[in-house]
Amino acid sequence: MPEITTPARRDDTPDDARRERLRRTFDEDAELYDRARPGYPAALYDDLAELAGAGPGSRLLEVGCGTGQATVPLARRGCRITAVEAGPSMAAVARRNLAGAPDVEVVTAEFESWPLPAEPYDTVLAVTSFHWIDPAVRVPRAADALRPGGALAVVRTQHVAGGTEEFFVEVQRCYERFDPDTRPGTRPPATAEVGNADHAQEVARSGRFGPTVFRRYEQDLTYTASEYLDVLRTYSGHRALPDTARRGLLDAIAELIDGRYGGRVTKRYLVELGVSRRL
């Protein structure tokens, strides 16, 4: 169920019924999701080992594994993983991608109601999925799943200023034309403007974790028009648009990329890791 936000439209963290409706859109085309979604920087996995103990032989519970974008690299590093994924189609693709990893089990279930095993985990990991979990239970259940001293590791990803910057100024007009929820004049924020106090405070309020340590990574990815549209088709907010509006929006974006940017644009992603140790 992971999501990467794009600031061209209102894809803010949803609540209650809207959150539930949007997160179910990920399972509608798991193959596209698996093909189009980007992976994560190698440095992230190095820091997961250093800060969260996600190394060879460690027991790791991954919440919302999607099709296994982060699960596969962690399995290669020797983690013993239980991956919980609510979408049956997403879970099926994850099992296929992890077929050669004997120490990985993919469970089709919602984390909020999945019975926690008696043996605690060393690490609970949520990669661009934590904001889809019910905020009333996500931190306490993560704590319940961990051994004392175990780590909650949360990865969040956002589109930030950089790459083909003028494209992301111009594309705003496409969103304003086809999506009524678009904020006029929205621009990707600078990395320095992206805060993390909300997550740190949520974890601290639980009283079950120590301070949260953050690491950040930037990566620029270049897409052809068709590749970029495939990425957009995996975003919940885009999938939730009416069919006519979504087709019009994607056609307008493709025309802009091909007509003014030589068929390619570069998008800058900010990937942030937050690690909190259970008390």
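The values are calculated or read from the model by the stated rules, or taken from the named source; none is laboratory data. Not measured: the values here are computed from a predicted model. Heads up, the Cβs are rebuilt from the backbone with ideal geometry, glycines too, and the neighbour counts pull from every protein chain shown.
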Checklist outcome for this item: Checking D27, D11, D16 in turn, the sole residue that is at pLDDT below 95, at positive phi and either among the acidic types (D, E) or crowded, with 19+ Cβ neighbours inside 10 Å (or both) turns out to be D16
Next on the checklist: Can you name every one of the helices (runs of 4 or more DSSP H) wholly within region 221-262 that holds 2 or more residues which are surrounded by fewer than 18 Cβ atoms within 10 Å (Cβ to Cβ) and either of a type in the set (D, E) or modelled with pLDDT under 95 (or both)?
Outcome noted: 243-260
Item to check | Every residue from region 110-146 that is of a type in the set (A, V, I, L, M, F, W, C) and under 18 Å from the mean Cα position of the chain (by Cα) | outcome: F111, V124, L125, A126, V127, F130, W132, I133, V139, A142
Checklist entry - Does T191 satisfy the criteria of being of a type in the set (V, I, T), at pLDDT 95 or above and buried (at least 21 other Cβ atoms within 10 Å of the Cβ)? => result no
Checklist entry - Looking at region 50-59, is at least one residue outside any loop (DSSP other than H, G, I, E, B) and free of Cβ contacts under 8 Å to residues at least 24 places away in the same chain? => result yes
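Here is a yes/no grid of residues against (1) acidic (D, E); (2) closer than 23 Å to A92 by Cβ; (3) in contact with a Cys (Cβ under 6 Å, 6 or more places away or on another chain):
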{"residue": "V104", "(1), (2), (3)": "no, yes, no"}
{"residue": "V107", "(1), (2), (3)": "no, yes, no"}
{"residue": "E112", "(1), (2), (3)": "yes, yes, no"}
{"residue": "P117", "(1), (2), (3)": "no, yes, no"}
{"residue": "D122", "(1), (2), (3)": "yes, no, no"}
{"residue": "W132", "(1), (2), (3)": "no, yes, no"}
{"residue": "P135", "(1), (2), (3)": "no, no, no"}
{"residue": "V139", "(1), (2), (3)": "no, no, no"}
{"residue": "A142", "(1), (2), (3)": "no, no, no"}
Checklist entry - Can you tell me how many residues in region 171-188 are surrounded by fewer than 15 Cβ atoms within 10 Å (Cβ to Cβ) and at pLDDT 95 or above? => result 2
Next on the checklist: For the structure I just gave you, tell me whether V127 is under 22 Å from A52 (Cβ atoms) and either among the aliphatic types (A, V, I, L, M) or touching a strand residue (DSSP E or B) at 6+ places or on another chain (Cβ under 6 Å) (or both).
Outcome noted: yes
Item to check | Condition broken by A54, with the remaining ones in (1) closer than 23 Å to L279 by Cα; (2) out of contact with any helix residue (DSSP H, G or I) (no Cβ under 8 Å at 6 or more places or on another chain); (3) not basic (K, R) satisfied | outcome: (2)
Item to check | Those residues of region 60-79 which are in a loop (DSSP other than H, G, I, E, B) and crowded, with 24+ Cβ neighbours inside 10 Å, in sequence order | outcome: G64, C65, G66, T67, G68, A70, C79
Checklist outcome for this item: Selection from region 172-202 of residues part of a helix (DSSP H, G or I) and over 17 Å from L232 (Cβ atoms) yields T191, A192, E193, A197, D198, H199, A200, Q201, E202
